[in-house]
1. When you go through (1) away from chain A (no Cβ under 14 Å); (2) in contact with a helix residue (DSSP H, G or I) (Cβ under 7 Å, 6 or more places away or on another chain) one by one for B:Asp207, which number turns out not to apply?
2. When residues of the stretch A:74-95 are filtered for being in a helix (DSSP H, G or I), surrounded by 21 or more Cβ atoms within 10 Å (Cβ to Cβ) and more than 8 Å from chain B (Cβ to nearest Cβ), how many remain?
3. Which members of the stretch B:175-203 meet the condition of being surrounded by fewer than 21 Cβ atoms within 10 Å (Cβ to Cβ) and in a strand (DSSP E or B)?
4. Return a yes/no flag: does the stretch B:262-275 have any residue that is within 14 Å of chain A (Cβ to nearest Cβ) and either surrounded by fewer than 18 Cβ atoms within 10 Å (Cβ to Cβ) or touching a residue at least 12 places away in the same chain (Cβ under 8 Å) (or both).
5. Does any residue of the stretch B:204-215 turn out to be surrounded by fewer than 24 Cβ atoms within 10 Å (Cβ to Cβ), in contact with a Phe, Trp or Tyr (Cβ under 9 Å, 6 or more places away or on another chain) and not in a loop (DSSP other than H, G, I, E, B)?
6. Which one of A:Ile32, A:Ile58, A:Ile46 is of a type in the set (Val, Ile, Thr), surrounded by 20 or more Cβ atoms within 10 Å (Cβ to Cβ) and touching a Pro at 6+ places or on another chain (Cβ under 6 Å)?
7. Would you mention how many residues in the stretch A:52-64 are assigned to a loop (DSSP other than H, G, I, E, B) and either closer than 20 Å to A:Glu142 by Cα or away from every other protein chain (no Cβ under 14 Å) (or both)?
8. Name the single residue, out of those in the stretch A:96-127 being within 12 Å of chain B (Cβ to nearest Cβ) and crowded, with 18+ Cβ neighbours inside 10 Å, that is farthest from A:Lys152 (Cα to Cα).
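Computed from the coordinates by the stated procedures, all read-outs in this text should not be read as laboratory data. As the structure is a prediction and not an experimental result, all values here were calculated from the model. Ideal geometry is used to build each Cβ from the backbone, glycine not excepted, and the neighbour counts take in all protein chains shown.
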Amino acid sequence: MLELRNIGFEVEDSKEILHDVNLTINDRFVAITGPNGGGKSTLAKIIAGINTPTSGQILLDGEDITGLSVSERAKKGISYAFQQPVRFKGLRVRDLMALASGKKSSLAEDCEILSEVGLCARDYMDRELNDSLSGGEMKRIEIAMVLARGTKLSIFDEPEAGIDLWSFQNLIRVFEKMYEQTKGNILIISHQERILNIADKIVYVKDGTIAKYGTREEILPMLLASADAGPQACSVLTDKMAK
Amino acid sequence: MLDQIQMNLLKEVAELDALPVGAYNIRANGQSAARNTTANIDIVTKTDKSGIDIIIKPGTKRESVHIPVVLSETGLKETVYNDFFVGDDCDVTIIAGCGIHNCGAGDARHDGVHSFFVGKNSKVRYIEKHYGESDGQEGRGKRLMNPTTVVHLDEGASMTMETTQIGGIDDTTRKTVADLKANASLVIKDKIMTTGDQHAIADFSVDMNGEGSSVNLISRSVAKDHSHQQFDSRINGNAPCAGHSECDAIIMDKACVLASPQLTANDVDAALIHEAAIGKIAGDQIIKLMTLGLSEKEAEDQIVNGFLK
């Protein structure tokens, strides 16, 4: 169980990114959604320890982890898949998978995990995580690393970003399967209706606060209704399109 | 016979625990300590200067030559000339390397000049590893190495050079000069790490003289502490050819890296590319590995090791 108490986050020139966020996550699959710039990624980074909150407390299974570093939190059982996966010259998929699982895994084990995300281990194990891999491939490997860790809390920051439509169908299946199999909590930042559709609960983050939090049945219809109304569209753009 | 220190050095530079299979010449403290020749590979001591000639018969396939050098005597300074004559249509692996163990006050220095004359359509893989050590006490002499490699590739010949210097050499100037005839190709993979107040200069000069020749020079380096590295490369395209060089350096602490790549096209169909990047380890690389449970230091080590692998 993850608990955030009165979390605030300010950056220099006292711009407030998050304000008094209170959130308890105890469901198998929780999706965070909301407009760009609303503070979703910041929230995920605060949980993983990459950003330090200016105020508030973070508790994992009742233990205060606010002061712990990224690696200490990782050891406590938090995994984080980056929105933009990091590339490494020289390090291979094999190396990263071994670091993620914490052991020298067998080809069969890695093969199982990589095939989950639609990659063939034989083709990829010795590939370097350098510029030769496409954005979509990097994204899948990023997800595979979190699967290999198998920790109690897995955070995914927009796993669908940068993935083509065809791959997206497969990705959804990955998360559907993850939902079936996970023994821990999954926290996923997403804008995709199909991902929101498998969430137990949905957190709607806007302007640095939690605007709505509830079950999928409560939140999703509201979100879809407001999306249909489309009030946020830029009028200059709509005028241009009308011409 | 070799003593324990020399055996350790041999293991570091040539990954040898025992005498290798195939042709070899082991040089220890300025003397030839062991030698073996095969039906296709002959090794002959030079009479006019220090060094050996390695003569590989045309058509020799899947054979290897080991020529490691170890120095464990302080104050020893030597210049050695090794010439490789590789006949036409060969496919061979040559493993050279030099290890210095210096526990005395005097400097120990090995300057090796390796010249390769590679025949038509031959394939050569050349591996060279440099390593230095001492007992770590103050006031020990320096360990110095200045390898020079001269490569002449005949038509259709190809050579891959893998040169590595990961630790313990205080001062080094590595010079590589090559000329290529038609359809010859040269790949150089150079890896170097400097620490403390070490100094390293890598100087490459390649002339592509024949049509269809190509060179790919890949340099990866890590400079730590107060060390200083310099990378100079000159690639000259004198015919329709393809040249690519890539110089990537990670800089840490108070180190300094200077890269000056140079490309000269003397032919309208010479395609030459250079890429260079010097920078510290990217912060998001460290954070990514920390999210897998590594400490900051462990993350750094993994990144550096991977980079130099």
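1. In the conditions (1) away from chain A (no Cβ under 14 Å); (2) in contact with a helix residue (DSSP H, G or I) (Cβ under 7 Å, 6 or more places away or on another chain), B:Asp207 misses (2) alone.
2. Within the stretch A:74-95, the subset in a helix (DSSP H, G or I) is A:74-76, A:93-95.
Those left that are additionally surrounded by 21 or more Cβ atoms within 10 Å (Cβ to Cβ): A:74, A:93.
Among the residues that remain, those that are also more than 8 Å from chain B (Cβ to nearest Cβ) are: A:93.
Residues that pass the stated criteria total 1.
3. First pass over the stretch B:175-203, keeping only residues surrounded by fewer than 21 Cβ atoms within 10 Å (Cβ to Cβ): B:175, B:177, B:179, B:181-183, B:185, B:187, B:189, B:191, B:195-197, B:199, B:201, B:203.
Scanning the stretch B:175-203 gives B:Lys175, B:Val177, B:Asp179, B:Ser185, B:Val187, B:Lys189, B:Lys191, B:His199, B:Ile201, B:Asp203.
4. Taking the stretch B:262-275 first, the residues within 14 Å of chain A (Cβ to nearest Cβ) are B:275.
Narrowing further to those that are either surrounded by fewer than 18 Cβ atoms within 10 Å (Cβ to Cβ) or touching a residue at least 12 places away in the same chain (Cβ under 8 Å) (or both): B:275.
Among the residues of the stretch B:262-275, at least one is within 14 Å of chain A (Cβ to nearest Cβ) and either surrounded by fewer than 18 Cβ atoms within 10 Å (Cβ to Cβ) or touching a residue at least 12 places away in the same chain (Cβ under 8 Å) (or both), which makes the answer yes.
5. Looking through the stretch B:204-215, none of the residues is surrounded by fewer than 24 Cβ atoms within 10 Å (Cβ to Cβ), in contact with a Phe, Trp or Tyr (Cβ under 9 Å, 6 or more places away or on another chain) and not in a loop (DSSP other than H, G, I, E, B).
6. On the way: A:Ile32 fails: touching a Pro at 6+ places or on another chain (Cβ under 6 Å); A:Ile58 fails: touching a Pro at 6+ places or on another chain (Cβ under 6 Å).
Of the residues listed, the single one that is of a type in the set (Val, Ile, Thr), surrounded by 20 or more Cβ atoms within 10 Å (Cβ to Cβ) and touching a Pro at 6+ places or on another chain (Cβ under 6 Å) is A:Ile46.
7. First pass over the stretch A:52-64, keeping only residues assigned to a loop (DSSP other than H, G, I, E, B): A:52-54, A:61-62.
Then drop every residue that is not either closer than 20 Å to A:Glu142 by Cα or away from every other protein chain (no Cβ under 14 Å) (or both), which leaves A:53-54, A:61-62.
Selection size over the stretch A:52-64: 4.
8. From the stretch A:96-127, those within 12 Å of chain B (Cβ to nearest Cβ) are A:96-103, A:126; that's our starting set.
Next cut, crowded, with 18+ Cβ neighbours inside 10 Å only: A:96-97, A:99-101.
Details: A:Leu96: 20, A:Met97: 18, A:Leu99: 17, A:Ala100: 14, A:Ser101: 14 Å.
Here the answer is A:Leu96.
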